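Each remark here refers to the structure printed beneath this line.
The values are calculated or read from the model by the stated rules, or taken from the named source; none is laboratory data. This one's a predicted model, so the numbers in the text were calculated from it and none came from an experiment. Please note: Cβ atoms are built from the backbone with ideal geometry, for glycine as well, and neighbour counts cover all protein chains shown.
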Amino acid sequence: MIAPNPTQEQPSRAKAPRAEEQDANLDLGATLARLRSAHRRDGAPTYAQRVSHLNALEHAVLSRKDALADAISRDFGNRSKHESIAAEVFVVINEIRFARSHLRDWMRTEARDVGLAFLPARAEVLPQPLGVVGVISPWNYPVQLALAPLVGALAAGNRVMLKPSELVPETTKVLGELLADAFTSDRVTMVTGGADVGEAFSKLAFDHLVFTGSTRVGKIVMRAAAENLVPLTLELGGKSPVIIGSGISARAAADKIMAGKCFNAGQTCVAPDYVLVPRGELGAFVAACEASVAKMYPTLASNPDYTSIISAGHFGRISTYVKEAKEKGVRVVEINPAKETLDPAKRKIAPTLVVDPPEELAVMQDEIFGPVLPIRPYDTLDAAIDYVNDRPRPLALYFVGYEESEAEHVIAKTTSGGVCVNDTMLHVGIDDLPFGGVGPSGMGHYHGHEGFVSFSKMKPILRQARVSGTALMRPPFGRAVELLLKLLIGG
């Protein structure tokens, strides 16, 4: 759930950071050094200590769930409280509880096979904290995408520096209070600021860096991290397609797709970005989308469940997609059930369908990140698959249809960060599924065990016995070595 750029404009309503945060911004390197020194001093936290960290985070989030939802709504202009509690609080709490319930098993040293040639030696893999993990989080899910990586990093025994987006100052203020109450400043530290701070942050010599944002900015972060050979988890975006298959009604498909597209007004990295529909079903699907939206959002202007666009800049960008389509003569369906006049100052955009747009339109080139949905017809399922495969690999791919053989065919013939069949976006909330992109949509994974592994050094260890047959392999080599090698290799 990813923002186009977490280090963009600074809203005029931004509050001044706490003095501690201002000091950290002045010398990020000193802050990193302080956390690294604490890690070296104390070593890897025990199981009990890690559980206490997770418990503290859970309590801090739950005690502020309403304050977080209110702050997010103030930052957006309007954000559905139910969406915020579900996508921000619930997802983070679930992640904490899942990690806590599995942490003892994750931390165990794992025995590995040494093979006949190395007996009686023993091999094992020891999960060890990396040290200090940096997290750059975006504005669109400002709690989830700040705290979910934190859960994995804490479970793995690390210390964390967090840089949230400056586009959500109200949420950042509550996050700062939450983290200050839950952790000492040498366990978790938050720094604030604009693009200059974000740039400096990405150049630090972290032991691991997590960036959530656009592909464009991800490339910049990757170049900066390369100077220090910092390993990265990049959670980027892209155009996540939906393929509609057979055996499902237009209305059932529309209900699933439009629910995902309208959630957070489409400001979600895994939101459906465009739909491929069988040519003969195009008209029925468009009509079904109109009916689906009308049921979910009978009004838009003052509806607290329909979220505003985060900023005037993003509002203008999304509006430009629609304007260009109209100017090119493309059919545009604005779904405004109550026929309301939407005040641009409130930054609400009606769910909008762009029907069969040509490829050269910006709406078909850019990640939309708003409630605008291009719909293109296809003639064969393989043609739809080819259309997806001709484009950069997406963060999510959706297949909606009740023919299992078609779903399996799509899964087998496409590559994407994740797949969800017969729904949209929900796979991100499954704690035991890794979340991450592929190629232009990202690299690395977190959530659940994969997050623990990403933020750990899985250290291989070989323990040699006092007496070992491998001593025969030392010079001077003779007939015994030749016989041993022949026995091991054969032939």
Of everything in the range 461-483 that's touching a residue at least 60 places away in the same chain (Cβ under 8 Å) and surrounded by 11 or more Cβ atoms within 10 Å (Cβ to Cβ), which residue is nearest to the chain's Cα centre (by Cα)?
I461
Looking for whichever is in contact with a helix residue (DSSP H, G or I) (Cβ under 6 Å, 6 or more places away or on another chain), modelled with pLDDT of 95 or more, over 24 Å from Y47 (Cβ atoms) and surrounded by fewer than 24 Cβ atoms within 10 Å (Cβ to Cβ) here; the options are E170, E177. Which one fits?
E170
Going through the range 57-73 in order, the residues found to be touching a helix residue (DSSP H, G or I) at 6+ places or on another chain (Cβ under 6 Å) and of a type in the set (D, E, K, R) are E58, R64, K65
Can you name every residue in the range 71-101 that is more than 18 Å from M425 (Cβ to Cβ), among the charged types (D, E, K, R) and in contact (Cβ under 8 Å) with a residue 40 or more places away in the chain?
R74, D75, K81, R100
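Going by the conditions given, is N55 modelled with pLDDT of 95 or more, in contact with a Lys or Arg (Cβ under 8 Å, 6 or more places away or on another chain), assigned to a loop (DSSP other than H, G, I, E, B) and farther than 30 Å from R463 by Cα?
Values: modelled with pLDDT of 95 or more: yes; in contact with a Lys or Arg (Cβ under 8 Å, 6 or more places away or on another chain): yes; assigned to a loop (DSSP other than H, G, I, E, B): no; farther than 30 Å from R463 by Cα: yes.
No.
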Out of (1) in a strand (DSSP E or B); (2) closer than 25 Å to R187 by Cα, the one V92 does not meet is (1)
Does at least one position in the range 32-52 carry a residue that is modelled with pLDDT of 95 or more, surrounded by 15 or more Cβ atoms within 10 Å (Cβ to Cβ) and under 21 Å from the mean Cα position of the chain (by Cα)?
no
Kindly indicate whether any position in the range 248-260 is in a loop (DSSP other than H, G, I, E, B), within 30 Å of Y402 (Cα to Cα) and outside the structural domain of N78 (by TED's automatic domain parsing).
yes
T320 free of Cβ contacts under 8 Å to residues at least 12 places away in the same chain and either over 23 Å from T268 (Cα atoms) or of a type in the set (V, I, T) (or both)
no
Would you be able to tell me the number of residues in the range 203-228 that are in contact with a strand residue (DSSP E or B) (Cβ under 7 Å, 6 or more places away or on another chain) and closer than 18 Å to D27 by Cβ?
2
By residue number, the members of the range 448-457 that are touching a helix residue (DSSP H, G or I) at 6+ places or on another chain (Cβ under 7 Å) and either in a loop (DSSP other than H, G, I, E, B) or among the basic types (K, R) (or both) are F455
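Take residues that are without any contact (Cβ under 8 Å) to a residue 24 or more places away in the chain and tell me which of the strands (runs of 3 or more DSSP E) falling wholly in the range 102-150 contain 1 or more.
Values: elements: 110-112, 122-129, 132-136.
Once the strands (runs of 3 or more DSSP E) in the range 102-150 are filtered for at least 1 residues that are without any contact (Cβ under 8 Å) to a residue 24 or more places away in the chain, what remains is 110-112.
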Restricting the search to the range 229-243, which residues are buried (at least 24 other Cβ atoms within 10 Å of the Cβ) and either on the phi > 0 side of the Ramachandran plot or aromatic (F, W, Y) (or both)?
G238
Residues of the range 245-259 being closer than 18 Å to T414 by Cβ and crowded, with 24+ Cβ neighbours inside 10 Å, in sequence order, are G245, I257
Somewhere in the range 212-235, is a residue touching a residue at least 24 places away in the same chain (Cβ under 8 Å) and within 30 Å of E406 (Cα to Cα)?
yes
